[in-house]
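Handing you a structure now.
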There are 2 protein chains.
Amino acid sequence: MSVKALIMAGGVGKRFWPKSTVDKPKQFLKITSDKTMIQETFARINRLIPKENICVVTNRDHENHIFAQLDIPKKNVLLEPAMRNTAAAIGYGMVFFDTDDILIVLPSDHYIADIERFLGTLRVAIEFARNNDAIVTLGIKPTRPETGYGYIEIEDISPELMQVYPVKKFREKPNLETAYAYLETGRFFWNSGMFIFRIAVMEEAFEMYMPQLYRAIRSMRTSKGEENFYEMVEEEYGKLESISIDYGVLERATNVYVIPSEFGWSDVGSWDALYELSMKDNNGNHIEAKESIVRDVNNCMILAEGKKIAIAHVEDLIVITEGDTILIMKRGTSQDVKMMAKE
Amino acid sequence: MSVKALIMAGGVGKRFWPKSTVDKPKQFLKITSDKTMIQETFARINRLIPKENICVVTNRDHENHIFAQLDIPKKNVLLEPAMRNTAAAIGYGMVFFDTDDILIVLPSDHYIADIERFLGTLRVAIEFARNNDAIVTLGIKPTRPETGYGYIEIEDISPELMQVYPVKKFREKPNLETAYAYLETGRFFWNSGMFIFRIAVMEEAFEMYMPQLYRAIRSMRTSKGEENFYEMVEEEYGKLESISIDYGVLERATNVYVIPSEFGWSDVGSWDALYELSMKDNNGNHIEAKESIVRDVNNCMILAEGKKIAIAHVEDLIVITEGDTILIMKRGTSQDVKMMAKE
């Protein structure tokens, strides 16, 4: 029995268009630092877990990015035969571990400011998962009435950070009024998409709530090492339901726990979210460019690597360049980027 | 005696930065159409005057642009040996004409919407200059209290278009209050920088008000055709005072006339002025790009040839790209471009 990590790198979002594309989604981009998001994620968990115990599951179209960005053994990169959402991807990953291993599931494209506290929280989760038949989630203490995240509700009225609480209910993204109410109670936490469990415990949950996936995992596990393993995976995987682990398991299982957490987390879900995280000058501007001339500009984010930017008398703009594409939008409207990327 | 034209193409302004540069100022750019400003100017006057009678005076650094853009005999391109403002450039040009020629002096970088009315006005001016010892200017009927132009005042209280009036006074660029007052009287016209005169009449004015320039013109005229002509010009020209024809002659001479004119004139002095002239869609946008995605955008001008532009939820922006340079500014502030170009 040992602790393993599974980094989920199968996302194909376009929320960082024009920088992110189907071919190169956010996890493979330098968004919050001069390392890519997945490099940051890998380095972070590598402080707790040796390389050989960290696997990455990704879309086969993105295999090249993984090997270009990470120093990782070939056998630790698991290629999804098809896109089937997080439940299937986690199930597939579980095939490659032992049933008494403890698994940490991590998104590959999130930002964490305080790595020490993050690792401390994980240690608590690992310890709890080791000693209990529990699926442990990390719930982020909300700092604002965010309507873009799902919430995890607990019963306790005065929860403490880094303690483990049974989950009362998973809550969908709320409207603003509800989000305010959640924030006030202190009993609601953002669903970070990070889970810690013993493989056997999750398998039991799959058996109960997602029996088709359970059977696929069992037969994949049996065939592992056999010659026709990947052909078999290909066939099984294609038939799986495309559903998130949240809908498929967590919202139904009764042994789900949450650790109220605070380590400067952000899913960096939009250009606006990135602006919030970014280092700003005294005028609230974050400007990256080969050269810049700035006059009377406030609260703007400009990412124009390799370009010369001259900007004057504007405020609250987001300007992003990528090759010959230029995105210009009002701050606060970056949820529209996905739609614009499709046009 | 015949009618000649002198197109003044020595300007080196940066008001259209980043498209205009010291190496390629506005007159050599496609600003208002798919022809360059000087191509438009040349074609316009060529409807009245045959090619062989049209000369262009320019900075020697820009000789290449002239021949690349205009089909003009080499002898009709006069290269200023140094930059000495309009009085010297006109004086130099005059050396190449006969003293009884009528000369039309035209800026090379202005916009004119109604070419027929423009040519009609010129015909009136030519006729007046032919029969009088007069320097005739074209004064544009103001349509707004513009503070960026000089004004020409006349005595008459109800002037008619395309009639000739003696000039009472040249007025410097006014403040806004004064500009409003000028507009109301109906006796003030914008100085368009277009002049029509017999060469002999302007030489007399030079003799009286700019004797140094007068002597230089006389000796250049005498040496014309001689072997050392250009050496001599080089030496004489360098010594000349750098002063505009307005300050040097027009504001002092007593035989200056103005024709109140209306032919859709603009000096296109800034990106803002160009926005005013441009064709706009129903949302007040003028967008040139390889591809554009536009959502909730109003009253913007975007000139991004060869680029893909995605723009959302903004208004009153000017966006200009040139190679790897991107200019973004609030509409109404483009007077700052010159300063930004210097930085």
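For the ranges B:7-19, A:161-173, A:254-266, what's the packing order if you count other beta-carbon atoms within 10 Å of each residue, average per peptide, and put the highest first?
Ranking the peptides B:7-19, A:161-173, A:254-266 by packing returns B:7-19, A:254-266, A:161-173.
If you put a point 7 Å past Cα along the Cβ direction, how far is that point for B:Ala181 from the same point in each other copy, in nm, smallest first?
Distances to the matching label points in the other copies: 6.7 nm.
How well do other chains shield peptide B:302-308, expressed as the mean number of their Cβ atoms within 10 Å of each residue Cβ?
Details: counts 2, 0, 4, 0, 1, 5, 7.
Counting other chains' Cβ atoms within 10 Å and averaging over B:302-308 gives 3.
Count the DSSP beta bridges whose two residues both fall in the protein assembly as shown, then state the antiparallel fraction as a percent rounded to the nearest 5. Don't skip to the end; give the middle numbers.
Working: 51 of 131 bridges.
Roughly 40 percent of the DSSP beta bridges within the protein assembly as shown come out antiparallel.
Output ³J(HN,Hα) for the stretch B:51-57: one whole-Hz value per residue in order, computed from phi by the Karplus curve 6.51 cos²θ - 1.76 cosθ + 1.60 with θ = phi - 60°, and x for Gly and Pro.
Taking θ as phi minus 60°, the curve returns 3, 5, 9, 10, 10, 10, 10 Hz for the stretch B:51-57.
When Lys and Arg each count +1 and Asp and Glu each count -1, what net charge do the other residues less than 12 Å away from B:Ser2, Cβ to Cβ, add up to?
Details: positive: B:Lys4, B:Arg130, B:Arg198; negative: B:Glu52, B:Asp98, B:Asp100, B:Asp101.
Combined, the nearby Lys, Arg, Asp and Glu give -1.
Which one of B:Val319, B:Trp271, B:Met340 has its Cα pushed farthest toward the positive end of the charge dipole of the stretch B:271-342, where Lys and Arg give +1 and Asp and Glu give -1 at the Cβ?
Ranked along the dipole, the leading option is B:Met340.
Give the Kirkwood hydrodynamic radius (Å, one decimal) of the stretch A:1-95, defined as one over the mean of 1/r across all pairs of different Cα atoms. Could you put the intermediate results ahead of the total?
On the way: mean 1/r = 0.0734 Å⁻¹.
Result for the stretch A:1-95, one decimal place: 13.6 Å.
Another one. Could you give the dipole magnitude of the stretch B:50-196 about its Cα centre, charging the beta-carbon of Lys and Arg +1 and that of Asp and Glu -1, in debye to the nearest 20?
Numbers: 15 positive and 21 negative charges, 34 e Å.
It works out to roughly 160 debye.
Moving on to the next point. How big is the stretch A:144-270 on each of its three principal axes, counting only the C-alpha atoms and giving the largest first in Å?
56, 30, 24
Before anything else, pin down the relative contact order of the stretch A:271-342: Cα pairs under 8 Å, at least 6 apart, normalised by residue count, whole percent.
On the way: 122 pairs, mean separation 17.3, N = 72.
Taking the mean separation of contacting Cα pairs over the length of the stretch A:271-342, I get 24 percent.
Here's another thing I want to ask about it. For A:Phe67 and A:Thr222, FRET efficiency with R0 = 25 Å and r from the beta-carbon atoms, rounded to 0.05?
Working: r = 29 Å, r/R0 = 1.16.
About 0.30, to the nearest 0.05.
Among B:Phe42, B:Phe67, rank each residue by its count of other Cβ atoms within 10 Å, from fewest to most, as a rough exposure measure.
Sorted ascending by nearby Cβ count, the order is B:Phe67, B:Phe42.
Just to confirm the numbers: A:Lys168, label point 7 angstrom along the Cα-Cβ line, distances to the other copies in nm, shortest first?
Ordered by increasing distance: 8.5 nm.
In whole Å, largest first, what are the principal axis extents of the Cα atoms in the stretch A:156-227?
Cα extents, longest axis first: 56, 27, 20 Å.
If you don't mind, there's one more thing I want to ask. Between B:Arg295 and B:Glu315, 0.36 nm times their residue separation minus their Cα-Cα distance comes to what? List each step's numbers first, then the result.
On the way: separation 20, 0.36 × 20 = 7.20 nm, distance 1.07 nm.
Using 0.36 nm per residue and subtracting the Cα-Cα distance, I get 6.1 nm.
If you build a Gaussian network model of chain B, linking Cα atoms that sit under 10 Å apart, which residue out of B:Ile326, B:Ile31, B:Ile154 swings the most?
Maximum among the listed residues: B:Ile326.
Points 7 angstrom from Cα along the Cβ direction at A:Arg47 and B:Asp156: gap in nanometres?
It works out to 8.4 nm between the two label points.
So, in nm, how far is label A:Thr143 from label A:Leu119 when the simple model puts each one 7 Å beyond its Cα toward the Cβ?
Inter-label distance under the simple model: 2.2 nm.
Could you grab the Rg to Rh ratio for the stretch B:227-271? Cα atoms only, Kirkwood for Rh.
Numbers: Rg = 17.3 Å, Rh = 14.6 Å.
Rg divided by Rh gives 1.18.
Which residue, B:Asn76, B:Asn191, B:Ile90, has the largest displacement toward the positive end of the dipole of the protein assembly as shown when charges sit on each Cβ (Lys, Arg +1; Asp, Glu -1)?
B:Asn76
Still on this model: What's the ranking of B:226-236, B:56-66, B:186-196 by average number of surrounding C-beta atoms within 10 Å, highest first? Display every interim value, and only then the final one.
On the way: B:226-236: 13.5, B:56-66: 20.1, B:186-196: 22.9.
Put in order of decreasing packing, that is B:186-196, B:56-66, B:226-236.
Under a point-charge model restricted to the Cβ atoms of Lys and Arg (+1) and Asp and Glu (-1), what is the dipole moment magnitude of the protein assembly as shown relative to its Cα centre, in debye to the nearest 20?
220 debye
Go ahead and estimate [θ] at 222 nm for chain A from helices alone: -39,500 (n - 2.57) per DSSP H run with n ≥ 4, summed, over the residue count, rounded to 500. Show your work: numbers first, answer last.
Numbers: 10 runs with 102 residues, N = 343.
Calculated mean residue ellipticity at 222 nm is -9000 deg cm²/dmol.
Quick check on the stretch A:271-342: take the gyration tensor over C-alpha atoms, sort the square-rooted eigenvalues as a ≥ b ≥ c, and tell me if it's rounded (a/c under 1.5), prolate or oblate. Working shown, then result.
Details: a/c = 1.76, a/b = 1.23, b/c = 1.43.
In terms of gyration-tensor shape, oblate.
So, one more: Count charges around A:Arg44 for me, please; just the other residues with Cβ under 14 Å from its Cβ, Lys/Arg as +1, Asp/Glu as -1. Provide the component values of the computation, followed by the final result.
Details: positive: A:Lys35, A:Arg47, A:Lys51, A:Arg117, A:Arg123; negative: A:Glu40, A:Asp109, A:Asp114, A:Glu116.
Result for the neighbourhood of A:Arg44: +1.
Let me ask you something else. Along the charge dipole of the protein assembly as shown, pointing to its positive end and built from +1/-1 on Cβ of Lys, Arg, Asp and Glu, which listed residue (B:Ala181, B:Gly148, A:Ile66) has its Cα farthest out?
Result: A:Ile66.
Of A:Lys330/B:Lys173; B:Lys26/B:Lys51; B:Lys24/B:Lys280; A:Lys338/B:Lys338; A:Lys19/A:Lys280, which pairs sit farther than 30 Å apart, going by alpha carbon to alpha carbon?
A:Lys330/B:Lys173; A:Lys338/B:Lys338
Follow-up question, since we're still on this one. Between the label point of A:Glu315 and that of the same position in each other copy, find the distances and list them shortest first in nm, with every label point placed 7 Å from Cα along the Cα-to-C-beta direction.
Reported distances to equivalent positions: 1.6 nm.
Another question, if that's okay. Report the paramagnetic label zone for B:Glu262: residues of the stretch B:156-180 whose backbone N is under 19 Å from a point 7 Å from Cα along the Cα-to-Cβ axis.
Flagged as within label range: B:156-165, B:180.
Kindly give Rg over Rh for the protein assembly as shown, based on alpha-carbon atoms, with the Kirkwood expression for the hydrodynamic radius. Could the numbers behind the result be given before it?
Values: Rg = 36.7 Å, Rh = 30.6 Å.
Looking at the protein assembly as shown, the ratio lands at 1.20.
Roughly how far apart, in whole Å, are the Cα centres of the stretch B:292-343 and the stretch B:192-232?
44 Å
Here is a further query. How much net charge surrounds A:Ala129 when only the other residues with a Cβ under 14 Å from the Cβ of A:Ala129 are counted, with Lys and Arg +1 and Asp and Glu -1? Each step should come with its number before you reach the end.
On the way: positive: A:Lys4, A:Arg123, A:Arg130, A:Arg198; negative: A:Asp100, A:Asp101, A:Glu127, A:Asp133, A:Glu203, A:Glu204.
That sum, taken over residues with Cβ under 14 Å, equals -2.
What is the distance in Å between the Cα centres of the stretch A:109-182 and the stretch B:41-75?
With the stretch A:109-182 and the stretch B:41-75 each reduced to a Cα centre, they are spaced 75 Å.
Equivalent ellipsoid semi-axes for chain A, as square roots of 5 times the alpha carbon gyration tensor eigenvalues: give them largest first, rounded to whole Å.
On the way: eigenvalues 249, 126, 62 Å².
The equivalent ellipsoid of chain A has semi-axes of 35, 25, 18 Å.
In addition: In the Gaussian network model of chain B, springs joining C-alpha atoms below 10 Å, which of B:Glu155, B:Glu40, B:Glu203 carries the largest mean-square fluctuation?
The residue that fluctuates most here is B:Glu155.
Which residues in the stretch B:149-176 have a backbone N closer than 17 Å to a point placed 7 Å from the Cα of B:Arg252 along the Cα-to-Cβ line?
B:169-171
How big is the charge dipole of chain A about its Cα centre, in debye rounded to the nearest 20, if each Lys and Arg gets +1 on its Cβ and each Asp and Glu gets -1 on its Cβ? Spell out each step's value before the answer.
Details: 41 positive and 51 negative charges, 66 e Å.
So the magnitude is around 320 debye.
Let me ask you something else. Across peptide B:283-293, what mean number of C-beta atoms from other chains lies inside 10 Å of a residue's C-beta? Walk me through the numbers before you get to the answer.
Working: counts 0, 0, 0, 0, 0, 0, 3, 2, 3, 2, 8.
For peptide B:283-293, the averaged partner shielding equals 2.
Coordinate-derived values only; no laboratory data. What you see is a predicted model; the values in this text were computed from it and never measured. A quick note on method: Cβ atoms are made from the backbone with ideal geometry, for glycine too, and the neighbour counts reach across all protein chains shown.
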